[in-house]
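No lab work stands behind these numbers, since they all come straight from the coordinates. Here the structure is a predicted model, which means the values were calculated and not measured. Note that we place each Cβ from the backbone using ideal geometry, even for glycine, and neighbour counts take in every protein chain shown.
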């Protein structure tokens, strides 16, 4: 596959400019860049699946043929047979009303490669190959009966059913947990080796590329800024953007932690059950124990990380700590006052605030920033007279302008919104700020800035952080202590460096081993 | 911002209809009570732009007063639906999965099993026919519609982080419903309100047509059609004009609703 | 699946009980003394007493309700006050006009709407789409009874292709009867078909944008194969809800349309019942209509489970 001089506009807006790279047979080629850099559009151009209103120029050479000049019929013959593709979101990538065996078999049938019966047999074999043996995952199962990782395996089986020469994987593991990600990447690597196909891996995650790819191209704003052999590129990055990207990806802010011995938050043996959907009209609702006998302490000025994969109970625990949901056992004390859901005194609640993951869903779009940031003042018995001044101060503290008070939230970018969310959290000077995946939705460079900001605010206001994340590298960068949560229980707890360097619990070891990392010696230079 | 053509066309048609209704309060070409048997079933033209009916009454004047009846019935019926349905929907969403939610939703399902015609039949059987029947019947049928739309819109908002942030700021469910939820589903309600308004006009016409709605002498489009039925082959105009009035009004309101939906929120795909 | 059907059946039963309670209360309890109400203001006291006896009005609210409800279960709807015949016989005869008319219209509406909606979605933004959207916008705005009057004017009065109304009876032959129902069915179906076509279109357009459509194209399916093989079945799920809802609209519409065509259906019966204060007839017909709507909702739920595997195990 040879891309040369690929440019693209959608309704006149330039998307790609003069993109060139080559994918050699049997290699893994990584295409990295931040959101909006044009990675996915490049892939869709290679597949001939561009949205309407797109103008393309340049050349997409595949085995000596320019795909951009091929007709739709020829491309249909090529897709799935010569070039397969998988996408980011396995939860929605499969037809919900068709069983998985049929969906895999369809690839074979549509290309006339097999009769219906033969295709079913071949589909079964492919499902086994991707790790879905029929005794556990019968091909007449439907997508909703499978987990995200299993669905992504089905997608892979579909894409490689006809042993294509090239597989394009667009952020294949971004929506998955880290251990599942490791398994899927392992599967992809095996397939490349066994079947001699090429893999083009599109991702925003530098560590994944470092781990997997033979060659890498870095994209920014629709252009390839640098390309080369993976190790060489990491060791000798020349372009300033590439360097900044590498630097920010492993960014650890300077922190001057002044931890006091007094605890801010104490969670003692907390249990949280919630009822599941009723199985039948009659009978009791089954209960699910989301948080099981969890205890933790956060001292004043301390950063504590809570890591775990999706569904481990970290969000449920957060809601319990925030006094949003009742607990079924144990106690939560904040500054010596017990937290009860439902009737929590404003003065107690004012001691803790929260920053959420999604910079877009965190604000009522109908209110101005001033009103949004001032919302926690509701917790005070009387609203302060100098409301505007205090909001302005909070905005200044997070690096925004006081004049931003009179703007609406849609006028700000994702990174700016996250700063405003932090301003809202600190405006009433809480002791504890809970950061619930607060930087997970941000691009690498923005994330580094927000982490710096958080470190700075902690020093200035003596804040304690409970930092909840699935991203181990971020937690490692900003916390003093870390707790590892699995299936509702804390399985390991300790000083961050110690836990990361010598994990004791098998699950922690598994997590850390599964996390892709850029070899340190690559970045040393 | 460029206004879509259908919004303009819809707004013009709706405005015409509302203007005619308002004008009829002060002036109509002829008095609607004026019977002129000698002048009956006159085709359009001359002194009567749209002709006269079987009692010699001026059709244009009757249409204008009929517009008033339609508006009154539809507006009050939408009002009833919103006044009861929206709070119910907000409450149900705020207490998702609770007994209250269950009761509201099952109650909705139950009302959905009674088409507004059936409700009108029930009320008429007990209290006798009147325009009030039509209002009540259409209004009751509107309640679950608004409750459902409100609950659906509110539920998707309750999952958003800003609602959580408001709860962390110590705000109660009631306050959040009013401050954060309601203001963000207003678009939804306006669009649904327009749709229910036009459906209300259709329903009022249907009920009056079968004699369950407005009673004589109150002019109403549905009654005019009922009266014209036996004379349609003799004087088609007395059936055609009231029908056209209904079609144009409903069309105008629907175009306006669709246009507003596209304008206010392109992602919004409420389908009735 | 069995569990799903069972839980749906229970909810069907509960809805019927609550609906019948509502109807019973409104009709028999709110007017005060139904016997006096049915006889009018000037009735002699002993006539009222006789009617009370005849209607079985002595006894508590609950015992009367139970008698009525169990009577209906065994097919005994009571005796019409004006006709002096069992209501079941009256209703039975009329049902054979109203129900076929409704089903005829439902079939027509679906047969027209689904292909038209698919065509509009496939040609999205083109002239065919524009024309279909315009026509359906008109179709929604037309009151069906006025449309019926226009149909009579054109096809019965002017062209004389159809009779202007009346119903020969099924014993005169299926084709004659179906012909008599054709104009009413068309009048009922077209406005509903307009709504359904729009739902079909927007539902299909929405499915076309789903991720699994991109997956299908990446497998090498042509756009047409992907639409027919993947989008259509998913797009039909919301369409089915609307078809279910339309049943009740069509049934109500049939009651009105019967007036235009002088069809001896439930509509005529119920309006006669109202004018003659024959509460027992009104009560029975209303209950029957509500029963039909609830039953169709149940059937749509089952159809859902067949088309969408995600629902089979949920309640």
(message) Translational diffusion coefficient of region A:132-191 at 37 °C, 0.692 mPa s, Stokes-Einstein with Kirkwood Rh over Cα pairs, in µm²/s as a whole number.
(response) 266 µm²/s
(request) Note the angle between two axes, namely the Cα long axis of helix C:174-208 and the longest principal axis of the Cα atoms of chain C, as a number of degrees from 0 to 90, rounded to the nearest 10. (result) 50 degrees
(message) Neighbour counts of other C-beta atoms within 10 Å: give me B:27, B:221 arranged from fewest to most.
(response) B:27, B:221
(message) Averaged across C:203-210, how many Cβ atoms of other chains sit within 10 Å of each residue's Cβ atom?
(response) 1
(request) Using only alpha carbon pairs under 8 Å that are at least six residues apart, calculate the relative contact order of chain A and give it in whole percent. (result) 15 percent
(request) Using Cα centres only, tell me the gap between region A:54-101 and region A:250-264 in whole Å. (result) 49 Å
(message) Nearest 500 deg cm²/dmol is fine: what mean residue ellipticity at 222 nm does chain A get from its DSSP H runs of n ≥ 4 alone, each adding -39,500 (n - 2.57), divided by its residue count?
(response) -10000 deg cm²/dmol
(message) Checking a compactness column here: for region A:377-525, what do you get for Rg(Cα) / (2.2 N^0.38 Å), N being the number of residues?
(response) 1.23
(message) How much of the DSSP bridge set in chain A is antiparallel, in percent, rounded to the nearest 5?
(response) 55 percent
(request) Calculate the translational D of region C:93-275 in whole µm² s⁻¹ from Stokes-Einstein, where the hydrodynamic radius comes from the Kirkwood formula applied to all Cα pairs, the temperature is 20 °C and the viscosity 1.002 mPa s. (result) 120 µm²/s
(request) Would you mind calculating the relative contact order of chain B from Cα pairs under 8 angstrom and at least 6 residues apart, reporting the percent as a whole number? (result) 27 percent
(request) Kindly state, to the nearest 0.05, the FRET efficiency for residue C:82 paired with residue B:27, given R0 = 41 Å and r defined as their beta-carbon distance. (result) 0.30
(request) Rounded, prolate or oblate: pick one for chain C, where a ≥ b ≥ c are the square roots of the eigenvalues of its C-alpha gyration tensor, a/c under 1.5 means rounded, and failing that, prolate if a/b is larger than b/c, else oblate. (result) oblate
(request) Among DSSP beta bridges lying fully in the protein assembly as shown, give the percent that are antiparallel, nearest 5. (result) 55 percent
(request) Would you give the gap between the C-alpha center of region C:31-89 and the C-alpha center of region A:203-249, rounded to a whole Å? (result) 87 Å
(message) Just to confirm the number: angle between the C-alpha axis of helix B:99-112 and the first principal axis of chain B, 0 to 90 degrees, nearest 10?
(response) 20 degrees
(request) At q = 0.10, 0.11, 0.13 Å⁻¹, work out log10 I(q)/I(0) for chain A with the Debye formula, treating every Cα as an identical point scatterer and leaving solvent out; two decimals please. (result) -0.92, -1.08, -1.34
(request) Express the relative contact order of region C:93-275 as a whole percentage, based on alpha carbon pairs under 8 Å and six or more residues apart in sequence. (result) 36 percent
(request) Give the span of chain B's Cα atoms along each principal axis, as three whole-Å numbers ordered largest to smallest. (result) 76, 51, 31
(request) Would you mind giving the average projected area, over all directions, of the Cα convex hull of region A:165-254 in nm² with one decimal? (result) 7.0 nm²
(request) Grab every C-alpha pair in region A:180-223, bin the distances at 10 angstrom width from 0 up to the longest one, and report whole percents. (result) 23, 54, 20, 3
(message) Could you tell me the extents of region A:313-413's C-alpha atoms along the three principal axes, largest first, rounded to whole Å?
(response) 46, 31, 23
(message) Averaged across A:94-106, how many Cβ atoms of other chains sit within 10 Å of each residue's Cβ atom?
(response) 5
(request) Assuming a ≥ b ≥ c are the square roots of the Cα gyration tensor eigenvalues, decide whether region A:22-68 counts as rounded (a/c under 1.5), prolate (otherwise, with a/b larger than b/c) or oblate. (result) oblate
(message) With Kirkwood's inverse mean 1/r over C-alpha pairs for Rh, give me the Rg to Rh ratio of the protein assembly as shown, two decimals please.
(response) 1.02
(message) What do you get for the angle between helix C:279-307 and the principal long axis of chain C? Use alpha-carbon atoms, 0 to 90 degrees, nearest ten.
(response) 30 degrees
(request) Rank-order A:377-388, A:128-139 by packing density, defined as the average count of other C-beta atoms within 10 Å over each peptide's residues, highest first. (result) A:128-139, A:377-388
(message) Tell me whether region A:67-123 comes out rounded, prolate or oblate; compute the Cα gyration tensor, take square roots of the eigenvalues as a ≥ b ≥ c, and use a/c under 1.5 as the rounded threshold.
(response) oblate
(message) Test of understanding: ordering C:212, C:304 by Cβ neighbours within 10 Å, fewest first, what list do you get?
(response) C:304, C:212
(message) Give the average, rounded to an integer, of partner chain Cβ atoms located within 10 angstrom of each Cβ in A:8-20.
(response) 0
(message) Neighbour counts of other C-beta atoms within 10 Å: give me A:167, B:13 arranged from fewest to most.
(response) B:13, A:167
(message) Distance between the C-alpha centers of region B:192-208 and region A:347-371? Whole Å please.
(response) 41 Å
